[in-house]
């Protein structure tokens with residue numbers, strides 16, 4: 001199931017549809033609260049990977065950045081580590097920090 005979700009979310013990201021994430025809720029006219037936590041994390045992971053040009057997530061934490069609820073995704077890209085702050089509602093990348 002995760003592979004199927006990963007593929008669909010990757011397609012949305014590469015098509016420039018990040019504003020529509022999570023698309024499953026939009027397509028079915030569901031509230032964002034109806035999307036599972038694992039799907040929310042998946043979308044945040046994919047947005048973070050795209051922001052730094054690849055790699056893979058090693059940790060994710062929900063926190064706040066300048067008063068906005070965000071996912072802080074730790075990405076390992078070939079031994080370089082990044083924190084990527086992704087808005088929990090729009091899935092827009094707000095900030096990237098190389099650590």
Within the stretch 49-71, residues being surrounded by 16 or more Cβ atoms within 10 Å (Cβ to Cβ) and closer than 19 Å to residue 35 by Cα number 3
Does the stretch 52-61 include one or more residues that are part of a helix (DSSP H, G or I) and modelled with pLDDT of 95 or more?
-> yes
Scanning the stretch 72-99 for residues that are assigned to a strand (DSSP E or B) and either surrounded by fewer than 13 Cβ atoms within 10 Å (Cβ to Cβ) or out of contact with any helix residue (DSSP H, G or I) (no Cβ under 8 Å at 6 or more places or on another chain) (or both) gives 72, 74, 76, 80, 81, 83, 85, 87, 94, 95, 97, 98
Per the list (1) modelled with pLDDT under 95; (2) crowded, with 16+ Cβ neighbours inside 10 Å; (3) out of contact with any helix residue (DSSP H, G or I) (no Cβ under 9 Å at 6 or more places or on another chain), residue check on residue 18 breaks on (3)
- Tell me, yes or no, whether the stretch 25-39 has at least one residue that is assigned to a loop (DSSP other than H, G, I, E, B), in contact with a strand residue (DSSP E or B) (Cβ under 8 Å, 6 or more places away or on another chain) and modelled with pLDDT under 95. no
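The values are calculated or read from the model by the stated rules, or taken from the named source; none is laboratory data. Everything numeric here is computed off the predicted structure, so don't read it as measured data. Heads up, the Cβs are rebuilt from the backbone with ideal geometry, glycines too, and the neighbour counts pull from every protein chain shown.
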